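Structure first, commentary second.
The values are calculated or read from the model by the stated rules, or taken from the named source; none is laboratory data. Keep in mind it's a predicted model, so treat the numbers as computed, not measured. Heads up, the Cβs are rebuilt from the backbone with ideal geometry, glycines too, and the neighbour counts pull from every protein chain shown.
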């Protein structure tokens with residue numbers, strides 16, 4: 001469907017470097033990364049808004065690297081919607097069709113289809129300035145879909161919305177994608193959003209693609225410290241792996257040993273997700289190979305959950321529910337036990 005091959009874009013103060021990935025027909029593809037990573041520059045380069053220094057962009061077997069934006073068959077929705085304030089919602093939606101001099105009957109048919117698809121009949125006569133964030137996003141989606149693009153590009157479509165509207169639009173995006181089977185490329189900095197929507201995720205940082213995979217692969221099997229930190233693994237250590245018993249290897253992290261399942265040996269990095277650690281006030285009877293004794297040195301309240309920093313040393317970040325926290329009577333400087341499986345320790 002879409003192939004980006006060794007793409008480099010030089011904007012003077014920012015450089016995309018050798019970007020390569022492919023997106024399948026009907027795939028919901030996420031480009032995930034922190035602010036300043038190059039997400040929007042990459043999206044705009046695919047849309048044809050930046051000159052390409054090196055590389056190629058292909059769409060359905062046709063090279064579009066140097067094709068004008070309006071001839072690419074690509075729709076773009078920006079995070080700030082970019083609606084024309086002096087036009088009504090209806091006029092905003094059909095603007096692209098009128099620009100292409102589509103027959104009136106075809107314009108009306110497309111408008112009716114979009115109104116039904118997005119349930120926005122009650123908004124048609126209003127001006128953009130009177131719309132909520134969620135309503136504006138629906139109108140921007142309708143305008144992008146009006147020209148029936150081969151690919152829909154979404155630039156942080158949920159970032160400007162309040163939590164309630166964000167959930168509603170996220171649901172709408174999933175529903176529209178499933179109904180139309182349209183190919184979508186969405187950029188975001190929000191990992192939860194990426195997991196909820198994406199079939200595959202490309203993590204980008206400092207103008208480079210760091211890792212491509214399913215949400216499970218990115219979440220559980222980061223290939224670098226950058227990806228591990230961005231995916232909120234939180235517990236990232238350096239150490240040396242040596243042979244253990246038949247089932248597990250052993251990682252020496254300072255004076256501490258941790259069992260892990262890996263064939264790697266020598267100097268490595270290890271990551272362990274906070275939710276994979278069980279906290280208890282007494283040693284647990286468990287098949288898990290790791291049980292460490294430490295002291296709670298910090299508590300960060302997140303509402304329904306809490307993050308505990310447990311010092312062994314080194315420090316581990318653990319996640320507990322509020323119910324478990326209160327039931328165990330946990331406080332700062334309380335001694336606890338951390339239990340986790342060898343398979344929960346990821347080595348890279």
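Within segment 3-15, if we keep just the residues that are under 22 Å from the mean Cα position of the chain (by Cα) and modelled with pLDDT under 95, the residue that is surrounded by the fewest Cβ atoms within 10 Å (Cβ to Cβ) turns out to be 14. Residue count for segment 280-304 under the criterion of being in contact with a helix residue (DSSP H, G or I) (Cβ under 7 Å, 6 or more places away or on another chain) and surrounded by 14 or more Cβ atoms within 10 Å (Cβ to Cβ): the result is 2. For segment 306-336, the set of residues classified as assigned to a strand (DSSP E or B) and surrounded by fewer than 17 Cβ atoms within 10 Å (Cβ to Cβ) consists of 307, 311, 315, 321, 335, listed by residue number. Scanning segment 6-21 for residues being part of a strand (DSSP E or B) and either in contact with a helix residue (DSSP H, G or I) (Cβ under 8 Å, 6 or more places away or on another chain) or not assigned by TED's automatic domain parsing to the domain that holds residue 194 (or both) gives a total of 4.
Counting only strands (runs of 3 or more DSSP E) wholly contained in segment 170-218, the ones carrying 2 or more residues that are under 16 Å from residue 26 (Cα atoms) occupy 183-188, 200-205. Can residue 165 be described as in the same structural domain as residue 137 (by TED's automatic domain parsing) and within 20 Å of residue 231 (Cα to Cα)? Here the answer is no, as residue 165 does not meet what is asked. When restricted to residues that are surrounded by fewer than 16 Cβ atoms within 10 Å (Cβ to Cβ) and touching a residue at least 24 places away in the same chain (Cβ under 8 Å), segment 237-247 contains 3.
Annotation: of all residues in segment 190-226 being closer than 22 Å to residue 172 by Cα and buried (at least 19 other Cβ atoms within 10 Å of the Cβ), the one that is nearest to the chain's Cα centre (by Cα) is 194. The sole residue among 298, 322, 302 that is over 26 Å from residue 238 (Cβ atoms) and touching a strand residue (DSSP E or B) at 6+ places or on another chain (Cβ under 7 Å) is 322. The residue that is surrounded by the most Cβ atoms within 10 Å (Cβ to Cβ), counting only those in segment 256-278 that are outside any strand (DSSP E or B) and touching a residue at least 60 places away in the same chain (Cβ under 8 Å), is 277. Output yes when any residue across segment 22-42 is assigned to a strand (DSSP E or B), assigned by TED's automatic domain parsing to the domain that holds residue 151, over 25 Å from residue 165 (Cα atoms) and modelled with pLDDT of 95 or more, and no when none is. Checked segment 22-42: at least one residue is assigned to a strand (DSSP E or B), assigned by TED's automatic domain parsing to the domain that holds residue 151, over 25 Å from residue 165 (Cα atoms) and modelled with pLDDT of 95 or more.
When segment 169-189 is filtered for residues that are touching a helix residue (DSSP H, G or I) at 6+ places or on another chain (Cβ under 7 Å) and either surrounded by fewer than 15 Cβ atoms within 10 Å (Cβ to Cβ) or within 16 Å of residue 80 (Cβ to Cβ) (or both), the ones remaining, listed by number, are 169, 174, 186, 187, 188.
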